[in-house]
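Where a number appears in this text, it was derived from the coordinates with a stated rule and is not lab data. Predicted model only: the values in this text are computed from it and were never measured. Note that we place each Cβ from the backbone using ideal geometry, even for glycine, and neighbour counts take in every protein chain shown.
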Amino acid sequence: MAGSILGNRVLRKEDPKFLTTGGVYVDDLNSEPLLVGALHATFVRSTVAHANIASIDVSDALASPGVVAIYTAADLDLQPVAATFNPMAKRTLLASNKVRYVGEPVAVVLTKLANQGEDAAEKVIVDYDTLEVLIDIEQAMTSTTHIYEECGSNVVFDSTAIGMPDNTGDAMFADCEVVVKGRYVNQRVAPCPLEVRASAAAWDNEGRLIQWMSTQHAQGARDTIQAANGLEAGKIRVITPDVGGGFGAKIAAYPEELVLGAVAKKAGVPIRWLETRSESMTALGHGRAQIQYVTIGGTKAGKVTAYQMHVLQDSGAWVDLGAILAPFMTRPMASGVYDIPKIEIRTTSVATNTTPVVAYRGAGRPEATAAIERAMDMFAAEIGKDAAEVRRINLIPKFLEPHATAIGQTYDVGDYEESLDRVLAAADYTKLRAEQAARRASGSVKQLGIGVSVYVEITAGSSAGEAAKIEVTQDGRAIVYTGTSPHGQGHVTAWSMIASDQTGIPLDKIDVVWGDTDLVPKGGGTMGSRSLQQGGVAVHVAAGELVEQARKHAARLLEANEEDVVFDKESASFHVAGTPAVAKSWADLSIALAKDGGLVQETDYVAQGATFPFGAHVSVVEVDTETGQVKMLRHVACDDAGKVLNPLLLEGQIHGGIAQGAAQALLEEVRYDGDGNPITSNFADYAFISAAELPSFEVIHMETPTPRNPLGAKGIGESGTIGSTPAVQSAVIDALAHLGVRHIDMPTTAERVWSEIQKQKAQGNS
């Protein structure tokens, strides 16, 4: 009997297509009949950060070559839409009376050719009455200029307003021998997916809206577009072709996508839209954007007894997902892997005249980890102990039953000390510290820094269930329908492996369908590292149920009792025990059931709860003390995502996560000038990481299966980012600790590092 395919390094089924003919993205839909004769949409975007709109003049633009129509909010009769998490805040999908950030859509230009739209859009004259611009979170909190007047304040969401306790201040540290305070900036970053946003919309002959989108959640997009257009259920179909990355920024539908159906109806023709990279940098949602006020206290021996944080979350110019990241994602994970008896976390979300903040790889959990890991380093430095040792002292002991933290989060399983031990051993931590000491003693220009982080995160915490369906065709193939949606992770390979493991049908005879709301009407999409443990488990359950269903039909065809029928996974056939020569294949069963609807099994899987992947990272950097230049030398990661389905896919996710996490620590930052103009709105000005800046990652596998789903799997898509960012940041600071440096905010650019070195020299610390 052949063993299970699960756990093996199976090559990605997706890759031959992507490496040869290429994927099919929204902008590649050139042969779609419904899009014949489509016009191209270009959005006129606000060039000021905060202003009332006095007038919009489109007369010159209408005379531009190729222009067919130009629509404003008034032309489309767009009504105000209330923000999800603060109904007092309202906007129209195209700005009508007021603009609140540079890049906000104001009007849409329709042209015959795509390249005609940008020139025409520049000729639309918008007369603005400018208002005070609020970029800084702390300034916005106290300003009497309100971005949404109806809210009465720029504080749009506060954890205390929904019953979460306020911080008690310094009183909780009264019995601490050591108390350290810090202000940390978890800077605003841009998601930068390889494929920018794109969508196309057409109305069919039955009055049904068909919309193609580059999205992480077709079913969610369908529901929001349906609501925005006032459509009845069943009057919209959303189709997701291949998606070139999302990282959380493509979870929700944006104003441009929500208005496209109304534009197509008004124009009476299909509409295509593809944003530019500069538009993507200013209008696609941003990530992170927190200021964290942290206090940590404990004993001189290294035990942390109290931890307090006040998070200021920049919501940007819309009160949506960004407003609740801090209270619902950062706060619950604030204590990380540490057994801290007293903890208080307050969060305050603030509207600013910047691009709205959305979910970004980890969505609130990297921010929590960055804060507690930075605090642990500061605490260790204050008491003069090794950073790794202080972490070990405070780790939650190994547990294989649910563990409740002081903040109220319940973890599933954890062995944090083992992950720390493994990563320190792999990195040869003692040897690294010896090399660091030697460089310091010699006065080397290039100093060595070693950063350690230990993390835990929550995955699949926002949704409890997922849909899956498996259909067996008359030629013996299987079609898997999933409510999750791939954008680079390897879903087709993973879901094929799961289905094959249960049914015996070979991988090359299994197809996976996603992202079409007609074919897959129910689905939770792909976000929060939920895909495998919910979508994959749903496929696992459906496949198991399919086998049992098939067994019943095979018993009837074989004229035998069901309990006597054996499923031979190796041959993918059913036979009576002892008579394998007389068997029924999957094709036989499908043909026999053709008149009765075929051989199909559908399931809605409901998970037992969120899972909590964990791990430890060690980052080694070299800092040039004359220039401030940072070079990553090594990065060692031990990540525990429960039972591993495919090590190849696991490593791909970890590698990508580490790269993104290191990029935030070293390079990436969205910046604005004092007038709210973005100054990092293209890849020439926005620094992102490449292979040239990264070492080969050293990945250690560790498996602690979760009891919360049948596969024992946890999420892995975001873990690499969560673990790497604080390790890299700490490594940079550690390289300069002997000069008196205690903290450098991210990104730790050469300029910022050099400036801190000069500051310490001026203070006589070097």
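Sort VAL304, VAL126 so the one with the fewest other Cβ atoms within 10 Å of its own Cβ comes first.
VAL126, VAL304
Quote the convex hull volume per residue of segment 48-94, based on C-alpha atoms, as a whole number of Å³.
Here the figure is 123 Å³ per residue.
Which of the aspartates and glutamates could a cross-linker bridge to LYS595, judged by Cα under 17 Å and excluding same-chain residues fewer than eight apart?
GLU471, ASP475
Using modelled backbone amide H atoms (1.01 Å from N, in-plane), which distant-in-sequence or interchain residues come within less than 5 Å of ILE458's amide H?
Residues meeting the amide H criterion: none.
Enumerate the calculated ³J(HN,Hα) couplings along segment 16-26 in order (Karplus 6.51 cos²θ - 1.76 cosθ + 1.60, θ = phi - 60°), each rounded to whole Hz, writing x wherever the residue is Gly or Pro.
x, 5, 5, 8, 10, 6, x, x, 10, 9, 3
Of all DSSP beta bridges located in segment 461-606, what percent are antiparallel, nearest 5?
85
What whole-number distance in Å separates the alpha-carbon centres of segment 526-591 and segment 1-50?
The distance from the Cα centre of segment 526-591 to that of segment 1-50 comes to 33 Å.
Over the alpha-carbon set of segment 461-606, work out the extent along each principal axis and list the three values in angstrom, largest first.
Projected onto the principal axes, the Cα atoms of segment 461-606 cover 48, 28, 26 Å.
Per the Kirkwood treatment, what hydrodynamic radius in Å, one decimal, follows for segment 197-287 from the mean inverse distance over all distinct Cα pairs?
One over the average 1/r among Cα pairs gives 13.3 Å for segment 197-287.
Taking segment 516-608, which GluC sites (Glu not before Pro) meet the DSSP loop condition and have no more than 10 other C-beta atoms within 10 Å?
When the GluC sites (Glu not before Pro) of segment 516-608 are filtered for loop state and at most 10 Cβ neighbours within 10 Å, GLU559, GLU570 remain.
Mind ranking 726-738, 508-520, 11-23 by how tightly packed they are, going by the mean number of other C-beta atoms within 10 angstrom, highest first?
Peptide ranking by packing, descending: 726-738, 508-520, 11-23.
Write down the percent of antiparallel bridges among all DSSP beta bridges whose residues are both part of the chain, to the nearest 5.
Here the share of antiparallel DSSP bridges comes out near 80 percent.
Using the Kirkwood radius over C-alpha pairs as Rh, can you work out the diffusion coefficient of segment 652-766 via Stokes-Einstein at 20 °C, viscosity 1.002 mPa s, in µm² per second?
129
In whole Hz and in residue order, list the ³J(HN,Hα) couplings for segment 198-210 that follow from phi through the Karplus curve 6.51 cos²θ - 1.76 cosθ + 1.60, θ = phi - 60°; x for Gly and Pro.
Coupling constants for segment 198-210: 8, 7, 9, 9, 8, 9, 7, 5, 9, x, 10, 7, 10 Hz.
If you place +1 on the Cβ of every Lys and Arg and -1 on the Cβ of every Asp and Glu, how big does the dipole about the Cα centre of segment 461-606 come out, in debye to the nearest 20?
Computed about the Cα centre, the dipole is about 200 debye.
Suppose we take every Cα in the chain and form the convex hull; what volume per residue is that in Å³?
Taking only Cα atoms, the chain has a hull volume of 171 Å³ per residue.
Each residue of segment 650-659 in order: what ³J(HN,Hα) in whole Hz does its phi give by Karplus 6.51 cos²θ - 1.76 cosθ + 1.60, θ = phi - 60°, with x for Gly and Pro?
Taking θ as phi minus 60°, the curve returns 4, 5, x, 5, 5, 4, x, x, 4, 4 Hz for segment 650-659.
Quick check on the chain: helices-only [θ] at 222 nm, where DSSP H runs of length 4 and up contribute -39,500 (n - 2.57) each and the sum goes over total residues. Nearest 500, please.
After summing the helix terms and dividing by residue count, I get -8000 deg cm²/dmol.
Sorted from largest down, what three extents in whole angstroms do the Cα atoms of segment 708-766 have along their principal axes?
Ordered largest first, segment 708-766 gives principal extents of 60, 19, 12 Å.
Enter the per residue convex hull volume of segment 273-347, computed from alpha-carbon coordinates, in Å³ rounded to the nearest integer.
123
Express in whole angstrom the spacing between the alpha-carbon centres of segment 606-642 and segment 662-717.
10
Cα-Cα over 32 Å: which of LYS569/LYS643; LYS250/LYS398; LYS522/LYS569; LYS300/LYS759; LYS13/LYS398?
From the list (LYS569/LYS643; LYS250/LYS398; LYS522/LYS569; LYS300/LYS759; LYS13/LYS398), the Cα-Cα distance tops 32 Å for LYS250/LYS398; LYS13/LYS398.
For segment 407-450 and segment 112-191, compute the distance between their C-alpha centroids and round to whole Å.
After rounding, the separation between the Cα centres reads 35 Å.
Place the peptides 413-420, 305-312, 756-763 in order of packing, highest mean first, counting for every residue the other Cβ atoms within 10 Å and averaging per peptide.
Peptide ranking by packing, descending: 305-312, 413-420, 756-763.
How do 51-61, 489-499 rank on mean C-beta neighbours within 10 Å, highest first?
Going by the mean number of other Cβ atoms within 10 Å, highest first, we get 489-499, 51-61.
Measuring from the lowest to the highest alpha carbon on each principal axis, how far does segment 55-150 reach, largest first, in angstroms?
Rounded to whole Å, the extents work out to 48, 23, 22 Å.
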